[in-house]
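Presented below is the structure to which this report refers.
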Amino acid sequence: MKMRIEPFKSIDVYLIPKLIELGMDKNIFPLTIFSSDGYEAYLREQLKLSEEYRRIKLYAAFIDDQFAGYSEWRILENCLFLNNIYVSQRYQGLGIGKFLLETHGAELLAEHKKSIISLDVFDNNTKAISWYKKMGFFIEDTTCWYVSEQSFLRDTNSCNDCFIENYPNAQAEHKLFGFSMLTCTTKNGNYPIGRINNQFYRLSIPKSLEDNELLSCLYQLDPNRKLLILATGEISSEFPLKLVCRSNRMNLIIK
């Protein structure tokens with residue numbers, strides 16, 4: 001058995017969305033950008049840029065010239081972030097995942113002069129959590145994923161105090177990829193608001209739920225989307241929130 005790792009080629013990108021879907025809980029998958037029809041196109045656009053000029057790194061694993069899995073890394077300021085790692089079911093149990101994470105990860109750490117590998121894993125994926133812990137990862141914190149309807153905003157009146165700074169660019173991005181990020185500003189602050197398909201607004205700042213100008217603006221822009229709220233730890237709100245899942249940030253410190 002001969003294994004090799006090499007930068008992902010555009011010709012193989014079509015394999016990634018299906019691998020992710022197969023490896024993720026069917027109730028969680030729609031909450032992520034990976035469920036977008038344009039996610040493959042997004043990856044292709046990333047690969048058009050020379051690897052040395054992008055923070056997103058995609059690598060494919062091959063066994064005897066057959067595609068077996070891949071890893072996606074992001075070079076962040078304080079860590080090397082493992083955004084995705086998947087191994088085809090046919091090749092599971094051969095140590096490919098461990099090689100991608102430990103051996104290849106160590107090479108990337110040295111190359112980019114980092115000392116921490118970080119990743120997120122959903123709470124219900126107990127097998128993966130156990131696997132990461134055996135390799136020395138520990139849970140740093142937990143994020144709760146809540147979903148809410150916007151029905152509580154039906155009587156809203158105005159959004160004059162909320163400004164969307166990048167609407168044309170976000171619309172173009174959404175048309176291409178099926179997900180995008182709005183930059184919204186009110187007198188209370190600035191908010192990055194993600195849009196996933198035509199289903200969700202993604203709010204990563206919990207105080208967003210307290211900003212009526214922001215909520216009013218989002219409702220008038222698209223009243224049919226649900227709110228997806230990500231918060232570290234559990235939150236209470238006057239609005240009806242449904243806790244869908246939890247994700248754990250795990251770190252491995254290399255000394």
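The values are calculated or read from the model by the stated rules, or taken from the named source; none is laboratory data. A quick note: this is a predicted structure, and the numbers were derived from the prediction, not measured. Note that we place each Cβ from the backbone using ideal geometry, even for glycine, and neighbour counts take in every protein chain shown. Heavy atoms of the whole protein, side chains included, go into the accessibility calculation; ligands, DNA and RNA do not. Shrake-Rupley method; radii C 1.70, N 1.55, O 1.52, S 1.80 Å.
Some points to look at:
- A search for C-beta distances below 7 Å between a residue of the range 175-192 that is free of Cβ contacts under 8 Å to residues at least 24 places away in the same chain and on the phi < 0 side of the Ramachandran plot and any residue that is among the basic types (Lys, Arg) and open to solvent by 10 Å² or more (accessible area, probe 1.4 Å), counting only pairs 6+ apart in sequence or on different chains, returns 180/195; 182/195.
- Restricting attention to the range 201-211, the residues that are of a type outside the set (Phe, Trp, Tyr) and in contact (Cβ under 8 Å) with a residue 24 or more places away in the chain total 6.
- Members of the range 4-36 that are touching a helix residue (DSSP H, G or I) at 6+ places or on another chain (Cβ under 8 Å), touching a residue at least 12 places away in the same chain (Cβ under 8 Å), more than 17 Å from residue 60 (Cα to Cα) and in a helix (DSSP H, G or I): 21, 22, 33, 34, 35
- Residues located in the range 80-94, provided they are within 16 Å of the chain's Cα centre (by Cα) and of a type outside the set (Val, Ile, Thr): 80, 81, 82, 83, 84, 86
- Unique residue being under 30 Å from residue 4 (Cβ atoms) and open to solvent by 80 Å² or more (accessible area, probe 1.4 Å) when the list is 207, 113, 175, 187: 113
- Looking only at the range 86-101, residues that are free of Cβ contacts under 8 Å to residues at least 60 places away in the same chain and β-branched (Val, Ile, Thr) come to 1 in all.
The rows are residues; the columns are (1) over 14 Å from residue 19 (Cα atoms); (2) open to solvent by 10 Å² or more (accessible area, probe 1.4 Å).
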residue: 69; (1), (2): no, no
residue: 76; (1), (2): yes, yes
residue: 80; (1), (2): yes, no
residue: 88; (1), (2): no, yes
residue: 96; (1), (2): yes, no
residue: 101; (1), (2): yes, no
residue: 107; (1), (2): yes, yes
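- Contact map, the range 220-236: first residue closer than 12 Å to residue 193 by Cβ and open to solvent by 60 Å² or more (accessible area, probe 1.4 Å), second residue of a type outside the set (Asp, Glu) and assigned to a strand (DSSP E or B), Cβ cut-off under 8 Å, separation 6 or more or different chains; pairs are 221/164.
- Residues (under 12 Å from residue 5 (Cβ atoms) and without any contact (Cβ under 8 Å) to a residue 60 or more places away in the chain) located in the range 50-70: 57, 58, 59, 60, 61, 62, 67, 69
- Cβ pairs under 6 Å, 6+ apart, first in the range 243-255 and within 14 Å of residue 142 (Cβ to Cβ), second of a type in the set (Asp, Glu): 246/123; 247/120; 249/120; 249/140; 249/141; 251/140
- Here the condition is being of a type in the set (A, V, I, L, M, F, W, C) and in contact with a strand residue (DSSP E or B) (Cβ under 6 Å, 6 or more places away or on another chain); of 76, 49, 58, it holds for 58 alone.
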